[in-house]
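Asks: To start, I am sharing the structure in question, which I have written as structure tokens.
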Amino acid sequence: MEFSKDKKTIFSGVQPSGNLTIGNYLGAIKNWQDLQETHNCLYCVVDMHAITVRQDPAELRRRTLGTLAIYIASGIDPEKSIMFVQSHVPAHAELAWVLNCYTMFGELSRMTQFKDKSAKNAQNINAGLFTYPTLMAADILLYGTDLVPVGVDQKQHVELARDIAERFNQIYGDTFVVPEPYIPQTGRKIFSLADPGKKMSKSDENINSFIALLDSRDTIIRKFKRAVTDSDTCVRYAEGKDGINNLMTIYSCFTGKTMDEIEREFDGKGYAEFKLAVGEACADGLEPLQKRYNCLVSDRSYLEGILSNNADHAAYLARKMLSKVYRKVGFLAKNK
Ligand code: TYM
């Protein structure tokens, strides 16, 4: 595939660190597909980010390939987009080191994800967890990315990537494109079904708090039935009704209906009926993805073939940017 100079560039990624959830799907992956018609798209499985928290090695390998299968099953076309694994392109780690030297300790200390994750992993607050946002900035800046389609929880990291790019450009002249976050209106933050004040997360210990993309129909319906709501009985989008607001958002994402339409549809009906409808809409919405996933994941050589071709393509693009950066900061070029 040829990247066109006239099109804007998109970069995004998901960590293969757990079972991907409908949060990952509605906040990010679902929106990637449309962009590939009009943009140059790179979609990465960011395995190097995943090891900031301990991973089982065999499981990480399995999930890395599984995440690629989810991308393709969600409609990302290997003929149109570059899908690759982060650790296959060494320039990500190389640029991250340089960017670490242009990122302030204070900036990294303010990252809310770092604060949350270090609270959760108090015995393993490693340097990688702290400098993770500079690796993410490297991912984005390596490809001259214009837009980064993510959920709202990643906005702060994309803003840091902007600040780093601007700082570098100010010192060395125009080098990086300054990227913008691209966040959906509906689905920007899907909340936990067990605690609707918290983000739905693939690493949550309570499996009833999230819907995994590969959950069976029965499991999906059962989890929605148990979803925490409130003591009111009326399906309406309002302040203080976090659980219902979240279910309405999910229903809206899968059916395309507005909040007003949903309120009218469930006027005079109870929460039980509404929860069942949300479960069914979600299961119906995920069914085609699950079918495609099941076919793809059994074809390991097909998936590995995509990764190997695409890593070369991504590495070629990344190397050009890295050489430019090395020249600007004053690294001596090696004689050919
Ligand atoms: P990760 O793996 O936590 O999540 C992947 C994507 O899913 C979105 N997301 C959500 N959206 C809505 N509601 C939720 N509950 C929810 N949970 C997750 C995230 O916003 C994200 O878009 N640091 C990133 C991965 C990354 C990256 C990048 C992304 C590394 N390098 C470069 C973009 C560009 C992360 O941990 O995402």
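Asks: Please list the radius of gyration and Dmax for segment 100-192, considering alpha-carbon atoms only, with Å as the unit.
Replies: Gyration radius and largest Cα-Cα distance of segment 100-192: 14.1, 44 Å.
Asks: Points 7 angstrom from Cα along the Cβ direction at residue 331 and residue 298: gap in nanometres?
Replies: Taking the two extended label points, one gets 4.5 nm.
Asks: Calculate the length of the line joining the C-alpha centroid of segment 163-197 to that of segment 214-253, in whole Å.
Replies: Cα centroid of segment 163-197 versus Cα centroid of segment 214-253: 28 Å apart.
Asks: Which angle between 0 and 90 degrees, to the nearest 10, do you get for helix 155-172 versus the longest principal axis of the chain when only C-alpha atoms count?
Replies: Orientation of helix 155-172: about 20 degrees from the principal axis.
Asks: Which distance in Å, rounded to a whole number, links the C-alpha centroids of segment 277-336 and segment 94-128?
Replies: For segment 277-336 versus segment 94-128, the Cα centre distance is 24 Å.
Asks: Project the alpha carbons of segment 130-245 onto their principal axes and report the range along each, largest first, in whole Å.
Replies: Principal extents (Cα only, largest first): 59, 30, 24 Å.
Asks: Using a basic spin-label model with each label point 7 Å from the Cα along Cα→Cβ, how many nm lie between residue 120 and residue 79?
Replies: 3.9 nm
Asks: With a 10 Å radius around each residue's Cβ, average the other Cβ atoms per peptide and rank 84-92, 290-298, 16-24, 192-200, highest first.
Replies: Peptide ranking by packing, descending: 16-24, 84-92, 192-200, 290-298.
Asks: Net charge around residue 26, counting only other residues with Cβ within less than 15 Å of its Cβ (Lys, Arg = +1; Asp, Glu = -1)?
Replies: Net of charged neighbours comes to +2.
Asks: Of 149, 213, 182, which is farthest on the positive side of the dipole of segment 110-268, counting Cα position, with +1 on Lys and Arg Cβ, -1 on Asp and Glu Cβ, and the Cα centre as origin?
Replies: Ranked along the dipole, the leading option is 213.
Asks: With point charges of +1 on the Cβ of Lys and Arg and -1 on the Cβ of Asp and Glu, referenced to the Cα centre of segment 1-125, which listed residue (38, 88, 20) lies farthest in the positive direction of the dipole?
Replies: 20
Asks: Then there's this: Note down the magnitude of the dipole of the chain about its Cα centre, charges +1 on Lys and Arg C-beta and -1 on Asp and Glu C-beta and zero elsewhere, to the nearest 20 debye.
Replies: Using only the charged Cβ atoms, the result is roughly 940 debye.
Asks: Between residue 87 and residue 216, how high is the FRET efficiency from 1/(1 + (r/R0)^6) when r is the Cβ-Cβ distance and R₀ = 35 Å? Nearest 0.05.
Replies: 0.65
Asks: So which GluC sites (Glu not before Pro) in segment 1-96 pass both tests, a DSSP loop state and at most 13 other Cβ atoms within 10 Å of the Cβ?
Replies: Listed in order of number, the matching sites are 2, 37, 79.
Asks: Filter the cross-link list 223/257; 202/257; 198/241; 189/269 down to pairs whose alpha-carbon distance in this structure exceeds 24 Å.
Replies: Correct reply: 202/257; 189/269.
Asks: Follow-up. On a straight-distance basis, which lysines could pair with residue 7 in a cross-link, Cα separation under 27 angstrom, same-chain partners fewer than 8 positions away excluded?
Replies: The reachable lysines, counting only those whose Cα sits under 27 Å from residue 7, are 30, 80, 155, 320, 324, 328.
Asks: What value, in deg cm²/dmol to 500, does the helix sum -39500 (n - 2.57) over DSSP H runs of n ≥ 4 give at 222 nm once divided by the residues of the chain?
Replies: Rounded to the nearest 500, it is -16500 deg cm²/dmol.
Asks: Would you please classify the overall shape of segment 280-336 from the alpha carbon gyration tensor, given that a ≥ b ≥ c denote the square roots of the eigenvalues, rounded means a/c under 1.5, and beyond that prolate means a/b larger than b/c while oblate covers the rest?
Replies: oblate
Asks: What does the convex hull of the Cα atoms come to per residue for segment 41-163, in Å³?
Replies: 118 Å³
Asks: May I pose another question? Counting just the Cα atoms, what span does segment 185-336 cover along each of its three principal axes? Round to the nearest Å and put the largest first.
Replies: 76, 39, 31
Asks: Using only Cα atoms, tell me the angle between helix 271-297 and the longest principal axis of the chain; keep it within 0 to 90° and round to the nearest 10.
Replies: 40 degrees
Asks: Kirkwood hydrodynamic radius, computed over distinct alpha-carbon pairs, for the chain: how many Å, to one decimal?
Replies: 21.0 Å
Read the figures in this text as sums done on the coordinates, not as results from a lab. What you are looking at is a predicted structure, and each value in this text was computed from that prediction instead of being measured. With ideal geometry, Cβ positions are generated from the backbone for all residues, glycine too; neighbour counts draw on all protein chains shown.
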